[in-house]
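Since the structure comes first, as structure tokens, the remarks are kept for the end.
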Amino acid sequence: MYECSIIIPVHNRAELTAQCLEALSKTVRDVTWELVIVDNASTDGTAELLTRLSGDVQVIRNQVNLGFAKACNQGA
């Protein structure tokens, strides 16, 4: 059982996603957590970045950009 679920909707900007993930790995230490990333049809290097992740990470990939709110709901 997780104490926290972190949902991150992304669309392109792989460099910002990488920075976010690095910051999370350095700061979330005292709770058990899962990571859910919703990729809203990125066309840059985001998909490749997400395939390199390990640990308890779930990636949801959309074929089209469904928008921020729908991506948050998907992740939840």
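Here are the numbers:
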quantity	calculated
Answer residue from the range 16-33, given it is closer than 11 Å to residue 49 by Cβ and in contact with a helix residue (DSSP H, G or I) (Cβ under 9 Å, 6 or more places away or on another chain) and is surrounded by the most Cβ atoms within 10 Å (Cβ to Cβ) among those	17
Candidate set: the range 34-76, residues that are of a type in the set (Asp, Glu) and in a strand (DSSP E or B); chosen: the one most open to solvent (accessible area, probe 1.4 Å)	34
Odd one out for residue 29, checked against (1) in contact with a strand residue (DSSP E or B) (Cβ under 7 Å, 6 or more places away or on another chain); (2) in a loop (DSSP other than H, G, I, E, B); (3) basic (Lys, Arg)	(1)
Residues satisfying the stated conditions in the range 18-44, i.e. at pLDDT 95 or above and farther than 15 Å from residue 8 by Cα	43, 44
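The values are calculated or read from the model by the stated rules, or taken from the named source; none is laboratory data. Since the structure is predicted, the reported quantities are computational estimates derived from the model, not experimental observations. Note that each Cβ is placed from the backbone with ideal geometry, even for glycine, and that neighbours are counted across all protein chains shown. Just so you know, the surface numbers come from the protein's heavy atoms only, side chains and all, with ligands and any DNA or RNA stripped out. Shrake-Rupley method; radii C 1.70, N 1.55, O 1.52, S 1.80 Å.
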